[in-house]
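> Here it is, the structure in full.
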Amino acid sequence: ALLLVGGVAGTAVPAHAAAPESPLRTIVPAPVQVTPRPGADFALEPDAKILTQPGSAEARKAGEHLAGVLRPSTGYRLPVTPGLVGKGVVLLLVGADHRVGAEGYQLDVTRKAVFIRARTGAGLFAGVQTLRQLLPARVEARTPQPGPWTVPGGSVLDYPRFAHRGAMLDVSRHFFSVDEVKRYVDQIAAYKVNRLHLHLSDDQGWRIEIKSWPRLTTHGGSTEVGGGPGGFYTQEQYKEIVAYAQSRHITVIPEIDMPGHTNAALSSYAELNCDGVAPPLYTGIEVGFSSLCIDKEITYEFVDDVIGELAAITPGRYIHIGGDEAHATTDPDYQTFMDRVLPIVAKHGKVATGWHEFVKTGPDPSAVAQFWGTSPEAPTLVEAAARGNRIVLSPANRAYLDMKYHKDTPLGLSWAGYVEVRDAYDWNPGSYLRGVPESAIHGVEAPLWSETLSESAHIEYMAFPRLAAIAELGWSPSAALGWDGFRERLAAQGPRWRAAGVNFYASSQVPWQ
Ligand code: TNX
């Protein structure tokens, strides 16, 4: 069977050689290489099996995930069993081209079977996401749909351009439940996003249980923007989110925003304030008014406890320390603060990442800076890149999912302008920052701030379709990018989102199917 797979690779021809309506042409993010093979369509039938590499728990997990997607809509049994040969979908951890690396895959569709080969579970999972998009859109429905379930004949060779393909969710301005976060995890995983940055603290709410400082959540988590009840994750619930994301090959990056954006903490503990007086809870949307007390030793005991507890329940290597909009902290104080806090992150075995302001303090080269500016002229980032720091790009006028699409968008903000789908898509992360080489770019991330958003339908309206645009910039090779192609590929996602019940914004820039 393996020889057969190797033998059907065929001559690489571009995706547009496929029939105009073929889903091979509309995969998002665009794959590295697509080779249509007319006449070799595969039909998934009621007795199909999902065969996984014998002895591989990772292949089995990818198989179970695929079965979980396919069973509700097809109504088929789709047993997941170890094996290499049979009618159905075969997931293999042998025989993949070395180019697929740690997250890529090869997918081969023949008349007898669909083969997905990778070198890791993450690669198989990515291949499974592509296979979903090769099936009819109604496969995304959660109730039984009519067949046939045809996959177009051909091959895909695919792997990511950047290591970091992130989505950020602000659970502080409005709290989102564990189930709401999981729903978003599933939606972003379909576009090969591999990082979920959770903005866990801000002026309006502290959302993660810290056992040594319990009032952070009992008091600091008790409200949100607009005065609603807020909420927080217990450490067990946080671990549940982390594990759920991990099962989708997404690493959680938790953020504790400091030294600004800390009113919820300052309100919870009077001793964290320079004047010893706890301010009231805050439910507005102004920024830049709060600061931890830089000169008090208890500030660093607090940070040590918080980072320590968070590091212990976070398997990923990064902790995000915020650092943005510290307008209530003087420059020398900001420097003092970062000089104390960055070693605390390292002491707990983690690598620091933060909003780009913090690189002006000269962190060690392992630190990753998240750029959120609106101008490609950013001297402090040129210097940081020259010192060896890597950069995640989230330019607000491109990648901010909370910006309105246009003046009448009912949700969102507009301080960075309106961000239509084309604005979100039409830029090149490799050459965006003047004087920063592509080798310094760790990846891209789409932040979703929640001042105006309080439920999943709001998240979806702002994230889709723009999240798919940022995901493609993070994954696809620059040769595959281009607005004209993207809007066609995006158009094919519409029926998928409708079938899945995703409340997307049907931009007039896209010729929706
Ligand atoms: C700026 S971007 C902020 C956030 C706001 C966001 C709203 C950044 C690092 N800070 O505090 O929520 O704008 O778009």
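> Go through (1) in contact with a His (Cβ under 7 Å, 6 or more places away or on another chain); (2) in a helix (DSSP H, G or I) and name the single condition residue 288 misses.
Against the list (1) in contact with a His (Cβ under 7 Å, 6 or more places away or on another chain); (2) in a helix (DSSP H, G or I), residue 288 comes up short only on (2).
> (1) out of contact with any Ser or Thr (no Cβ under 9 Å at 6 or more places or on another chain); (2) more than 16 Å from the ligand (Cβ to nearest atom): which one isn't true of residue 308, the others all being true?
Answer for residue 308: the failing condition is (1).
> Being farther than 30 Å from residue 382 by Cα, of a type outside the set (Phe, Trp, Tyr) and surrounded by fewer than 21 Cβ atoms within 10 Å (Cβ to Cβ) narrows it down to one residue among 457, 440; which is it?
457
> Output the number of residues of the range 131-154 satisfying the condition of being farther than 17 Å from residue 109 by Cα, touching a residue at least 12 places away in the same chain (Cβ under 8 Å), part of a loop (DSSP other than H, G, I, E, B) and not hydrophobic (A, V, I, L, M, F, W, C).
Going through the range 131-154 one residue at a time, the tally reaches 5.
> Can you report the number of residues in the range 319-342 which are touching a residue at least 60 places away in the same chain (Cβ under 8 Å) and in contact with a helix residue (DSSP H, G or I) (Cβ under 9 Å, 6 or more places away or on another chain)?
11
> Return the residues of the range 175-219 that are over 16 Å from residue 447 (Cβ atoms) and aromatic (Phe, Trp, Tyr); say none if nothing qualifies.
Scanning the range 175-219 gives 175, 206, 213.
> Still on this structure, I have one more. Is it true that residue 185 is more than 30 Å from residue 40 (Cβ to Cβ) and either touching a residue at least 12 places away in the same chain (Cβ under 8 Å) or of a type outside the set (Val, Ile, Thr) (or both)?
Judged against the criteria, residue 185 is a match.
> Shifting gears a bit: Looking at the range 451-460, which of its residues are away from the ligand (no atom under 16 Å from the Cβ) and more than 14 Å from the chain's Cα centre (by Cα)?
455, 456, 457
> Looking only at helices (runs of 4 or more DSSP H) that lie completely in the range 188-280, which have at least 2 residues being small (Gly, Ala, Ser), in contact (Cβ under 8 Å) with a residue 40 or more places away in the chain and more than 16 Å from the ligand (Cβ to nearest atom)?
Of the helices (runs of 4 or more DSSP H) lying wholly inside the range 188-280, those with at least 2 residues that are small (Gly, Ala, Ser), in contact (Cβ under 8 Å) with a residue 40 or more places away in the chain and more than 16 Å from the ligand (Cβ to nearest atom) span 235-247, 263-268.
> Could you go through the range 341-350 and let me know if any residue there is surrounded by 14 or more Cβ atoms within 10 Å (Cβ to Cβ), outside any helix (DSSP H, G or I), modelled with pLDDT of 95 or more and within 16 Å of the ligand (Cβ to nearest atom).
No.
> Out of the range 64-121, which residues are part of a loop (DSSP other than H, G, I, E, B), within 24 Å of residue 45 (Cβ to Cβ), charged (D, E, K, R) and in contact (Cβ under 8 Å) with a residue 60 or more places away in the chain?
Across the range 64-121, the qualifying residues are 111, 112.
> Among the residues of the range 311-339, write down those that are within 14 Å of the ligand (Cβ to nearest atom) and either outside the structural domain of residue 252 (by TED's automatic domain parsing) or assigned to a loop (DSSP other than H, G, I, E, B) (or both).
323, 324, 325, 326, 327, 328
> For the range 280-316, which residues satisfy the criterion of being farther than 19 Å from residue 221 by Cα, of a type in the set (S, T, N, Q) and over 27 Å from the mean Cα position of the chain (by Cα)?
299
> Using beta carbons and a limit of 7 Å, which pairs, at least six apart or on different chains, have the first residue in the range 434-452 and closer than 29 Å to residue 464 by Cβ and the second one within 16 Å of the ligand (Cβ to nearest atom) and of a type in the set (Phe, Trp, Tyr)?
Hits for this filter: 447/400.
> Would you pick out the residues in the range 281-305 that are among the aliphatic types (A, V, I, L, M) and either within 16 Å of the ligand (Cβ to nearest atom) or closer than 17 Å to residue 320 by Cα (or both)?
Once the filter is applied, which keeps residues that are among the aliphatic types (A, V, I, L, M) and either within 16 Å of the ligand (Cβ to nearest atom) or closer than 17 Å to residue 320 by Cα (or both), the range 281-305 yields 285, 287, 292, 303.
> Sticking with this structure for a sec: Taking the options 274, 293, name whichever one is within 27 Å of residue 368 (Cα to Cα) and in the same structural domain as residue 312 (by TED's automatic domain parsing).
Just one listed residue meets the conditions, 293.
> Can you tell me which residues in the range 503-513 are under 24 Å from residue 484 (Cβ atoms) and either without any contact (Cβ under 8 Å) to a residue 24 or more places away in the chain or of a type outside the set (Ser, Thr, Tyr) (or both)?
Passing the criteria: 504, 506, 508, 509, 510, 511, 512, 513.
> With 448, 411, 393 as the choices, which residue is within 16 Å of the ligand (Cβ to nearest atom), closer than 30 Å to residue 485 by Cβ, of a type in the set (A, V, I, L, M) and surrounded by fewer than 22 Cβ atoms within 10 Å (Cβ to Cβ)?
411
> Can you pull out the residues in the range 65-86 that are aliphatic (A, V, I, L, M) and over 19 Å from residue 148 (Cα atoms)?
80, 84, 85
> Quick one: in the range 210-238, which of the residues that are among the β-branched types (Val, Ile, Thr) and buried (at least 19 other Cβ atoms within 10 Å of the Cβ) is nearest to residue 305 (Cα to Cα)?
210
> Applying the selection to the range 365-374, what residues are more than 14 Å from the ligand (Cβ to nearest atom) and farther than 15 Å from residue 164 by Cβ?
Result: 365, single match.
> Restricting attention to the range 423-437, which residues are more than 13 Å from residue 374 (Cβ to Cβ) and either within 16 Å of the ligand (Cβ to nearest atom) or surrounded by 15 or more Cβ atoms within 10 Å (Cβ to Cβ) (or both)?
Passing the criteria: 424, 425, 426, 429, 430, 436.
The values are calculated or read from the model by the stated rules, or taken from the named source; none is laboratory data. Quick caveat, the model's predicted, so the values are computed rather than measured. Glycine gets a Cβ as well: all are built from the backbone with ideal geometry, and neighbour counts include every protein chain shown.
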